[in-house]
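Step one of this worksheet: look at the structure below.
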Amino acid sequence: MHPTITRMMEIVASGQEDKIGEILAEQVRFMPPTYWKTWTGREPVAAVLGHVGHAFSDFRYRRVMGEGKDWALEFQCKIGEFDAVGVDLITLDDDGLIDQFEVVMRPYKSVGALREAMNARVMTDARFLKFREALS
C-alpha cells in the first residue's frame with residue numbers, strides 16, 4: 001500500500017485532524033458527498049476533513065483497493081442514528097500527496113444527516129468565514 005494511504009488511514013483512525021494537511025497537495029480538490037461543490041486548497045480541505053471525523057462515529061475502513069496514484073477505500077460508519085457506507089476515491093500527485101479526494105456514500109438519509117451535521121459544525125467554526133462562498 002502507498003505510504004500516503006497508510007498514513008491517511010492512521011490519521012482517520014486516531015482522529016488527529018491537525019495531521020491531515022501533511023498529506024494533502026497544496027491545490028488538493030475535495031468533492032464531498034453532500035452537495036455538488038468542490039473545495040480546493042490544503043487549508044479549507046483540511047478543515048472540512050477535520051470536521052468530518054467528528055460527524056462520523058464507529059468509523060472503520062473495510063477494504064482498500066488500488067495501486068500507484070489511484071485508490072478506493074471503502075468505509076462504514078454511523079452519522080447520528082443512521083448507518084452509512086461509502087468510498088473515498090483518492091488520486092495522488094507525483095509527490096505522493098493527495099491531489100483529488102472524492103467521497104461517495106449511501107443511503108440518502110445518511111448523506112442528509114451528514115450534511116446537517118457538517119453545516120452545524122462548519123457554521124460555528126470561525127475558520128470558515130473566509131470560505132463562506134464555497135458553502136453556497
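Which semi-axis lengths, in whole Å and largest first, follow from the square roots of five times the eigenvalues of the Cα gyration tensor of region 3-121? Don't jump to the answer; show the numbers that get you there.
Working: eigenvalues 91, 48, 35 Å².
One finds semi-axes of 21, 15, 13 Å for region 3-121.
For region 17-122, the list of GluC sites (Glu not before Pro) that fall in a loop by DSSP and count at most 10 other C-beta atoms within 10 angstrom reads Glu81. When its C-alpha radius of gyration is set against 2.2 N^0.38 Å (N residues), region 8-48 gives a value of 1.16.
When each of the peptides 47-55, 106-114 is scored by how many other beta carbons lie within 10 Å of its residues on average, the order from highest to lowest is 47-55, 106-114.
Laboratory data are not the source of any read-out in this text; all were calculated from the coordinates shown. Note that this is a predicted model, so its numbers are computed, not measured. Positions of Cβ are generated from backbone atoms using ideal geometry, with glycine treated the same way; all protein chains shown enter the neighbour counts.
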